[in-house]
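First comes the structure, then the notes that go with it.
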Amino acid sequence: QPWRSPGEPQAPFSLSAPRWPVECEVIQERIEHIEWVPPKPEPFSPPMGPEQALYTLGEEQGTVVFHSSPVLQGSCFTRARVGGAPRPLSSPAAPLECPQDTTLLFESRFESGNLQKAIKVGPYEYVLMLRPDLYTAKYTQWFYFRVQNTRQEPLYRFTIANMAKPKSLYGQGLQPLLYSQRDAQSRGIGWRRVGTDVCYYRGSMGEPPMFRLSWTVRFPHDGDTCFFAACYPYTYSDLQRYLRALAADPVRSQYCVVQALCHSLAGNTVYLLTITSPGSTAGKRVVVASARVHPGESGSSWAMRGFLDFLLSTHADARLLRRLFIFKVVPMLNPDGVVVGNSRCSLAGQDPNRAYGMALPGSFPSVWHLRAMVQRLLAEQEVLLYCDFHGHSRKNNIFMYGCDASGDRTGTRLRQRMFPLMLSKNAPDKFSFSSCKFQVQKSKEGTGRVSMWHLGVSHSYTLEVAFSGSTLGGKSSHFSVEDLGSLGRLLCDTLLDFCDPAPAKLQQCLLEADALLQQQMGREPGSGGSWSDVSPSELESSTSGSDSSVSDG
């Protein structure tokens, strides 16, 4: 490639097929799902405690009916190619013995799939093992796999036996997702929440301990092809289809330029979208947004798509935003992880959202180039806000993490809380301001949020979208893809409120934030006083923070 400045995007961009590590087998079938919104909200299931978990036989008492595990050439990534392994495909699923054989046929060798093993321990009961993130021995949370040869009558039971985290929203009513190909084709029904007796509990007593997720389900049809997933899948190919439609649109392509920020370790393009109205950019402030640094947090891609849909629309507010700002958007920071079905890591075998402080462009190209781009932008103009879209597996609702430092002036510390507080007013049934945290923990110094803040982006946030749904406004139901997409529009609304030249909204929120902090500190409302000498840990109770804290070790 010709030499270029760090963080300077390449052009033009390409939409070539996904590149896989050469150890990965990939089936030729094209996996696509229709989009569908259930006619009414899908409620949480009644949570079951660990003591209610039904007894499951161990894998040693069963029969392995599916086993697909890449034969890794050493402990690190070496090379990739379109289509993955060059050799002929193996047959990881046990063949059916006769037409009456009711054994399910499993498959996961497709984009974002990650089932490693299925053991049949009863006529309609299976123990499942997820594949850890490639080139690691841990990070098992995301799941996405296919089953065929279903029967409508029996009650099936599935148990994923190697979940990594000790706590999960599955213990609070979250249900897995099911997609029936027959229902999609004949009735237009897509992903839906299913599962009774959903239970999350400790399994093995060894170190590190493993946790189990089990659920029971009836399939809608005999002989169907179905999929299970932890959250609505959004693959690298899904993003490419979106960008292809965008590039072909004569209107939207006038104010959106798609370029390559860089290429991943496998050679997949990390796309950068620049969105602003045509003409001079002099005096415009910059807003930077990114998503999918953690590949298993697919809900963040649906929120990002909603953000882009609104920003690229003909709505009057969208036109105003394009006139006021330059938007730099990286919708998928970790395409390799998304392609292979990782939960957290890139092909470097580490969490890229702890690598922003490392000068390692060869190991973590996307985060290195994103940071370099923001650094270059800051030298030329104001970067008003950075927002990194994530998913959360242990807390309900939508919330944010910000950056607060003791010693900052009172006004600065209150302003850190303005954007999340305004968003909570625009999305009272989804966004929880009380769940927001602003303490910068030492373990988070390498994250995008903290790194951008240290560079000089005064308003730098992590947006956390629960894998489950909302418990606000009398709700207790799962998010649909429509709910996740609406968050993007609400972020745009909030950005306009945040930058409103009329001071009324901002002043009201500053007063409210001050009152909330007074309340947290046990002071009388309206008593005044400075916040500059109060540490962030005193302003909020200690928290485990982001979704990584338990599993990062």
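A few notes on this one:
- Sites SER186 and THR63, calculated FRET efficiency, Cβ-Cβ separation with R0 41 Å, nearest 0.05: 0.80
- Between the residues PHE227, GLN259, VAL198, the greatest Cα displacement towards the positive end of the dipole of the chain, with unit charges on the Cβ of Lys, Arg, Asp and Glu, is found for GLN259.
- Placing a pseudo-label 7 Å from each Cα along the Cα-to-Cβ vector at ALA359 and ARG323 gives an inter-label distance of 4.4 nm.
- Cross-link pairs beyond the 23 Å C-alpha cut-off, checked among LYS475/LYS505; LYS138/LYS475; LYS40/LYS475; LYS138/LYS167; LYS138/LYS444: LYS475/LYS505; LYS138/LYS475
- Point-charge dipole on Cβ atoms (K/R +1, D/E -1) for the chain, about Cα centre, debye to 20: 820 debye
- On a per residue basis, segment 382-450 carries 29 Å² of accessible surface, using protein heavy atoms and a 1.4 Å probe.
- Matching label, volume of the Cα convex hull per residue in Å³ computed from the structure shown, candidates (i) 165; (ii) 634; (iii) 190: (i)
- Other-chain or far-sequence residues with amide H under 5 Å of ARG81's (modelled H): TRP20, VAL22
- Amide proton proximity set for TYR271, modelled H, under 5 Å, gap of 5+: LEU261, MET332
- Take the Cα of ASP500, step 7 Å toward its Cβ, do the same at GLU42, and the gap between the two points is 3.6 nm.
- Per residue accessible area of segment 35-229, 1.4 Å probe, in Å²: 45 Å²
- Note, ³J(HN,Hα) from phi for segment 21-32, Karplus 6.51, -1.76, 1.60, rounded to Hz, x at Gly and Pro: x, 5, 7, 8, 7, 9, 6, 7, 4, 8, 9, 9
- Electrostatic dipole magnitude of segment 257-500 [Cβ: Lys, Arg +1; Asp, Glu -1; Cα centre; debye, to 20]: 340 debye
- Centre separation in Å (Cα based) which lies between segment 223-251 and segment 150-185: 21 Å
- Computed over segment 257-500: relative contact order in percent, which uses C-alpha pairs under 8 Å that are six or more apart: 26 percent
- Over the chain, relative contact order from alpha-carbon pairs under 8 Å, at least 6 apart, %: 16 percent
- Amide hydrogen proximity for PHE143: with H placed 1.01 Å from N in the peptide plane, the residues at 5 or more positions away or on another chain lying under 5 Å are ALA230, CYS231.
- When the chain is described by a simple charge dipole with +1 on each Lys and Arg Cβ and -1 on each Asp and Glu Cβ, the residue from ASN162, SER343, PHE77 located farthest towards its positive end is PHE77.
- Loop sites in segment 124-200: trypsin sites (Lys or Arg not before Pro), DSSP, at most 14 other Cβ within 10 Å: LYS167
- Length gained when the stretch ARG151-HIS454 is fully extended (0.36 nm per residue, less Cα-Cα span): 103.5 nm
- Only DSSP H runs of four or more residues enter the estimate; each adds -39500 (n - 2.57), and after division by the residues of the chain the mean residue ellipticity at 222 nm equals -6500 deg cm²/dmol.
- Portion, in percent, of the accessible area of the chain that falls on carbon or sulfur, probe 1.4 Å: 53 percent
The values are calculated or read from the model by the stated rules, or taken from the named source; none is laboratory data. Please read all numbers here as calculations on a predicted model, not as lab measurements. Counting neighbours? That spans all protein chains shown, and the Cβs are built from the backbone with ideal geometry, glycine included. Only protein heavy atoms, including side chains, enter the accessible area calculation; ligands, DNA and RNA are left aside. Shrake-Rupley method; radii C 1.70, N 1.55, O 1.52, S 1.80 Å.
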